[in-house]
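The values are calculated or read from the model by the stated rules, or taken from the named source; none is laboratory data. Keep in mind that what you see is a predicted model, and the values were worked out from it rather than measured. Because the Cβ atoms are built from the backbone with ideal geometry, glycine has one as well, and the counts that use them run over all protein chains shown. Only protein heavy atoms, including side chains, enter the accessible area calculation; ligands, DNA and RNA are left aside. Shrake-Rupley method; radii C 1.70, N 1.55, O 1.52, S 1.80 Å.
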Amino acid sequence: MPNNKYDWLLTIVRLIAGGFFVYASLDKIVHPEAFAKIVHNYRVLPGGLINIFAVILPWLELFCGMALMLGTRIKGAAAILTALLVVFMVAVTSAMARGIKIDCGCFSTTGAGARKVGLPLLIEDTALLIMVLIVWAKGAGRWALDRASSRT
């Protein structure tokens, strides 16, 4: 692993981004039916895809978030998370453009501490997207399980 003075910063970015997705996945995994209702409220998926999306998405968030946190398979995990973030941002923008006032479903499916779809959410998603792209482009930084992922 090269001795890069920014390795510690890459590690912090990787841990924050990964932790975000792990945390975001937990309530959705425990309450898939409630998350399916949230997905339905966006009105972007056909009815037949809502349940499968609501079951698969949180597990993708969990596994990819853990991969980032552990510093393994980061290129693949970051690519999947980038795609998910773009999909989230398109769904949020679509809901905003159509005047749909809904909870985003980011961290809670119960409404407790729920966040509304809006510009602040898009800004946060953009910041997270930048973090994931940095990890994808620059590597894992220090303390990564996968030595190949830690090369910058």
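Applying the selection to region 103-152, what residues are surrounded by 15 or more Cβ atoms within 10 Å (Cβ to Cβ), modelled with pLDDT under 90 and of a type in the set (Val, Ile, Thr)?
Thr109
Can you pull out every residue in region 15-41 that is closer than 16 Å to Ile102 by Cα and open to solvent by less than 40 Å² (accessible area, probe 1.4 Å)?
Ala34, Phe35, Ala36, Ile38, Val39
Restricting to region 1-21, what's the tally of residues that are in contact with a Cys (Cβ under 9 Å, 6 or more places away or on another chain) and of a type in the set (A, V, I, L, M)? If you could, list the steps in order and put the result at the bottom.
First, pick out the residues of region 1-21 that are in contact with a Cys (Cβ under 9 Å, 6 or more places away or on another chain): 18, 21.
From what's left, of a type in the set (A, V, I, L, M): none.
Within region 1-21, residues that are in contact with a Cys (Cβ under 9 Å, 6 or more places away or on another chain) and of a type in the set (A, V, I, L, M) number 0.
Restricting to region 48-69, and then to whatever is open to solvent by 80 Å² or more (accessible area, probe 1.4 Å) and hydrophobic (A, V, I, L, M, F, W, C), can you tell me which residue is farthest from the chain's Cα centre (by Cα)? Spell out the reasoning first.
Step one: of region 48-69, the residues open to solvent by 80 Å² or more (accessible area, probe 1.4 Å) are 49, 51-52, 56, 59, 63, 66.
With hydrophobic (A, V, I, L, M, F, W, C) added as a condition, the list becomes 49, 52, 56, 59, 63, 66.
On the way: Leu49: 20, Ile52: 18, Ile56: 13, Trp59: 11, Phe63: 11, Met66: 11 Å.
If we take residues in region 48-69 being open to solvent by 80 Å² or more (accessible area, probe 1.4 Å) and hydrophobic (A, V, I, L, M, F, W, C), then Leu49 is farthest from the chain's Cα centre (by Cα).
State whether the residues of region 26-38 include one that is within 18 Å of Val90 (Cα to Cα) and part of a loop (DSSP other than H, G, I, E, B).
No: zero hits.
Among Val44, Val86, which is open to solvent by 40 Å² or more (accessible area, probe 1.4 Å), in a loop (DSSP other than H, G, I, E, B), out of contact with any Phe, Trp or Tyr (no Cβ under 9 Å at 6 or more places or on another chain) and not charged (D, E, K, R)?
On the way: Val86 fails: in a loop (DSSP other than H, G, I, E, B).
Going through Val44, Val86 in turn, the sole match is Val44.
So the check is Cβ under 7 Å with 6+ separation or different chains; which pairs have a first residue in region 75-102 that's within 20 Å of Tyr23 (Cβ to Cβ) and a second one that's open to solvent by 50 Å² or more (accessible area, probe 1.4 Å)?
As it stands, the answer is Ala78/Trp136; Ile80/Leu60; Thr82/Leu133; Thr82/Trp136; Leu84/Leu60; Ala91/Val44, since those pairs meet every condition given.
Does Leu70 count as out of contact with any helix residue (DSSP H, G or I) (no Cβ under 6 Å at 6 or more places or on another chain), closer than 23 Å to Ile12 by Cα and either in contact (Cβ under 8 Å) with a residue 40 or more places away in the chain or charged (D, E, K, R) (or both)? Show your work before the answer.
Values: out of contact with any helix residue (DSSP H, G or I) (no Cβ under 6 Å at 6 or more places or on another chain): yes; closer than 23 Å to Ile12 by Cα: yes; either in contact (Cβ under 8 Å) with a residue 40 or more places away in the chain or charged (D, E, K, R) (or both): yes.
Yes: the conditions hold for Leu70.
Ile52 - would you say it is modelled with pLDDT of 95 or more, more than 24 Å from Ile130 (Cα to Cα) and not in a loop (DSSP other than H, G, I, E, B)? Outline the logic, then answer.
Working: modelled with pLDDT of 95 or more: yes; more than 24 Å from Ile130 (Cα to Cα): yes; not in a loop (DSSP other than H, G, I, E, B): yes.
Considered against the rule, which asks whether it is modelled with pLDDT of 95 or more, more than 24 Å from Ile130 (Cα to Cα) and not in a loop (DSSP other than H, G, I, E, B), Ile52 comes out as yes.
Using the structure shown, decide if Ile12 is open to solvent by 20 Å² or more (accessible area, probe 1.4 Å), among the β-branched types (Val, Ile, Thr), assigned to a helix (DSSP H, G or I) and under 22 Å from Ile130 (Cβ atoms).
Numbers: open to solvent by 20 Å² or more (accessible area, probe 1.4 Å): yes; among the β-branched types (Val, Ile, Thr): yes; assigned to a helix (DSSP H, G or I): yes; under 22 Å from Ile130 (Cβ atoms): yes.
For Ile12, the condition - open to solvent by 20 Å² or more (accessible area, probe 1.4 Å), among the β-branched types (Val, Ile, Thr), assigned to a helix (DSSP H, G or I) and under 22 Å from Ile130 (Cβ atoms) - is met.
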